[in-house]
Amino acid sequence: MIGVFDSGLGGLTILKAFLTKLPQYAYVYLGDNARTPYGNKSQAVIYAYTRQAVEFLFARGCVLVILACNTASAKALRRIQQELLPERYPDRRVLGVVIPLAEAGVDASRYGRIGVIGTRATIESGVYEQELAKLRPDLKVFGQACPLLVPLVEEDWVGKPETNMILKKYLYRIKRKKIDTLILGCTHYPFLQKDIERIMGKNCRVLNGPETVSDKLIDYLSRHPEIEQRLGRNRIVNLFTTDDADRFRLLGQKFLRHNIPEVERAVFEN
Ligand code: DGL
């Protein structure tokens, strides 16, 4: 099984892309709605919550877990890969969304000027700058935290004048840097993609998580048959939330504009 973890509902966009491009596998989704948002929390807390989520997904049989949440990918993934996996789960894998987006950013950029928008925790971590510099050291990278965007998307304020005004205020700061590529480094921003593209203009490519990460997952699985062969192929999707299951289902359906199956409540031991 492939586990997909997010701090809440946003990662459903990644799950939806996986189900479209890789429908043959079995998936388990976990949204930590009881403790969302992660975007303004400290590294220690984000790590503790993410680790608990990963262990929950491993206990349900996931061989591979994708951290759909940019904040968890930025603040917890490295430690999970360097400490938790070698010590306790050497035959499982956890991947994030930052490296796939950074790789796609390098491929897309014509003049080497890349912007990244995300939560405060993601931008302050500097993880995109680090990963982009590893791939192409001469890149100029400009980060912008956009902490108001997650609640606006969750309130379904996409397209409202107030939201566009706030978007413009955030985006003008990096637009001035004449970036040619913009990475949407947060699960919620694909919902604002059209407005972001309009504000950034046609000389800037806008890269979103679901499309990029699902393409990179196809590539990863083709290069790692030892993992791919252990994934279930019964096309079952199990959804879990740490908060109220009915509320997750209703909000998730509204969020995705798509029917979603039954949701179960995940209860962590401590
Ligand atoms: N899932 C988070 C991310 O992609 C956004 C929501 C949150 O702050 O928890 O960064």
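The values are calculated or read from the model by the stated rules, or taken from the named source; none is laboratory data. Just so we're clear, the structure is a prediction, and the values are computed from it rather than from any experiment. Cβ: placed from backbone, ideal geometry, glycine included. Neighbour counts: every protein chain shown.
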Selection from the stretch 90-104 of residues that are in a strand (DSSP E or B) and of a type in the set (Val, Ile, Thr): 94
Leading residue by the ranking (nearest to the ligand (Cβ to nearest atom)) among those in the stretch 105-126 that are closer than 25 Å to residue 50 by Cα and in a helix (DSSP H, G or I): 122
Positions within the stretch 201-234 being closer than 22 Å to residue 110 by Cβ and surrounded by 10 or more Cβ atoms within 10 Å (Cβ to Cβ), in sequence order: 203, 204, 205, 206, 207, 208, 209, 211, 212, 215, 216
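Results for (1) at pLDDT 95 or above; (2) over 25 Å from residue 264 (Cβ atoms); (3) of a type in the set (S, T, N, Q), shown as yes or no for each residue.
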residue	(1), (2), (3)
78	yes, yes, no
89	yes, no, no
95	yes, no, no
123	yes, yes, no
128	yes, yes, no
138	yes, yes, no
151	no, yes, no
154	no, no, no
Residues satisfying the stated conditions in the stretch 235-257, i.e. aliphatic (A, V, I, L, M), crowded, with 16+ Cβ neighbours inside 10 Å, within 24 Å of residue 61 (Cβ to Cβ) and modelled with pLDDT under 95: 237
Residue among 34, 68, 26, 74 that is within 14 Å of the ligand (Cβ to nearest atom), touching a Leu at 6+ places or on another chain (Cβ under 9 Å) and not aromatic (Phe, Trp, Tyr): 68
Residues of the stretch 127-185 satisfying the condition of being over 30 Å from residue 253 (Cα atoms), touching a helix residue (DSSP H, G or I) at 6+ places or on another chain (Cβ under 9 Å) and assigned to a strand (DSSP E or B): 141, 142, 143, 181
Residues satisfying the stated conditions in the stretch 1-41, i.e. in a loop (DSSP other than H, G, I, E, B) and aliphatic (A, V, I, L, M): 1, 9, 22, 26, 34
Members of the stretch 201-215 found to be within 16 Å of the ligand (Cβ to nearest atom) and part of a helix (DSSP H, G or I), listed by number: 209, 210, 211, 212, 213, 214
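Residue by residue, here is whether (1) farther than 30 Å from residue 155 by Cα; (2) within 16 Å of the ligand (Cβ to nearest atom); (3) basic (Lys, Arg) holds:
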| site | (1), (2), (3) |
| --- | --- |
| 199 | no, no, no |
| 218 | yes, no, no |
| 227 | yes, no, no |
| 232 | yes, no, no |
| 253 | no, no, no |
| 257 | no, no, yes |
| 268 | no, no, no |
Residue selected from the stretch 37-65 under the condition of a type in the set (D, E, K, R) and within 27 Å of residue 22 (Cβ to Cβ), by the criterion nearest to the ligand (Cβ to nearest atom): 51
Residue match in the stretch 173-189 (condition: of a type outside the set (Lys, Arg), out of contact with any Phe, Trp or Tyr (no Cβ under 7 Å at 6 or more places or on another chain) and surrounded by fewer than 15 Cβ atoms within 10 Å (Cβ to Cβ)): no
Top-ranked residue of the stretch 1-23 - restricted to ones that are near the ligand (Cβ under 9 Å from one of its atoms) and under 20 Å from residue 58 (Cβ atoms), ranked as surrounded by the fewest Cβ atoms within 10 Å (Cβ to Cβ): 11
